[in-house]
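The values are calculated or read from the model by the stated rules, or taken from the named source; none is laboratory data. Please read all numbers here as calculations on a predicted model, not as lab measurements. Cβ atoms come from the backbone with ideal geometry, glycine included; neighbour counts cover every protein chain shown.
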Amino acid sequence: MPSTMLSANQPMAPAQSDGRAGKYLTFQLAKEEFGIRVLKVREIMGLQEITAVPQTPAHIKGVINLRGKVVPVIDLRLKFGIPAAEYTQRTCIIVTQVQGESSAVLMGIVVDGVSEVLNLTGAEIEDTPEFGEQIAGNYLLGMAKVKGKVKILLDIDKVLSTQELHNLNILAH
């Protein structure tokens, strides 16, 4: 009997504070669901005219004027190597605030559609599986298991890399 008392007082698994827990905005790209921290999201807006910037990579769609600020816009489909798709009524731009070399920078990402805001616990987030060195998984925060589906959690600061931000800073100034 003493063993049952002991196990009742001890938790099954140690309670760990997972820094990845919190609120995430989820969105679709193709058939996949992705999530970014709500704290990184500044605005969600419908598609608007994007001014193309010559001699930029294909995934950099150009810039938009957001209340007097020039904000670079990246098509996340193309950035991730997902084939381009026609923009629809659901296509939108998520304006994010990412950490640049010296300060925070606003950047827009084009996504197929926004889903919902999820409040994820540490128990719902698993580490990203190892894919080998060829796959750049360093921009993934983890995988969230929600209602039997997997949502890929992105570290948006790493997705929109410092080098890319530097190149875009030159454009925006």
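Applying the set (1) closer than 14 Å to VAL110 by Cβ; (2) in contact with a Ser or Thr (Cβ under 8 Å, 6 or more places away or on another chain); (3) not basic (Lys, Arg) to THR26 leaves exactly one unmet item: (1). Among the residues of the range 21-67, those identified as surrounded by fewer than 16 Cβ atoms within 10 Å (Cβ to Cβ) and acidic (Asp, Glu) are GLU32, GLU43, GLU49.
Inspection of the range 40-58 finds no residue satisfying the criterion of being free of Cβ contacts under 8 Å to residues at least 12 places away in the same chain, part of a strand (DSSP E or B) and on the phi < 0 side of the Ramachandran plot. Among the residues of the range 59-74, just one is in contact with a strand residue (DSSP E or B) (Cβ under 8 Å, 6 or more places away or on another chain) and not in a strand (DSSP E or B), namely HIS59.
Is it the case that ILE60 is at pLDDT below 95 and farther than 16 Å from LEU153 by Cα? In short, yes. Within the range 58-112, the set of residues being touching a Cys at 6+ places or on another chain (Cβ under 9 Å) and of a type outside the set (Val, Ile, Thr) comprises just one member, ASP112.
Checking each residue in the range 33-57 for being of a type in the set (S, T, N, Q) and modelled with pLDDT of 95 or more picks out only THR51. Reported count of residues in the range 135-159, each being touching a Pro at 6+ places or on another chain (Cβ under 9 Å) and either assigned to a helix (DSSP H, G or I) or modelled with pLDDT under 90 (or both), is 1. If you check LYS69, LYS61 for being without any contact (Cβ under 8 Å) to a residue 40 or more places away in the chain and under 12 Å from MET107 (Cβ atoms), only one passes: LYS69. In the range 139-149, which residues are without any contact (Cβ under 8 Å) to a residue 40 or more places away in the chain and touching a strand residue (DSSP E or B) at 6+ places or on another chain (Cβ under 8 Å)? TYR139, LEU140, MET143, LYS145, VAL146, listed by residue number. In the range 100-107 there is at least one residue that is crowded, with 16+ Cβ neighbours inside 10 Å and in contact with a Pro (Cβ under 7 Å, 6 or more places away or on another chain).
Applying the set (1) under 14 Å from the mean Cα position of the chain (by Cα); (2) surrounded by fewer than 18 Cβ atoms within 10 Å (Cβ to Cβ) to ILE94 leaves exactly one unmet item: (2).
Put simply, of GLY132, GLY100, GLY108 the only residue that is under 17 Å from ASP155 (Cα atoms) and at pLDDT below 90 is GLY100.
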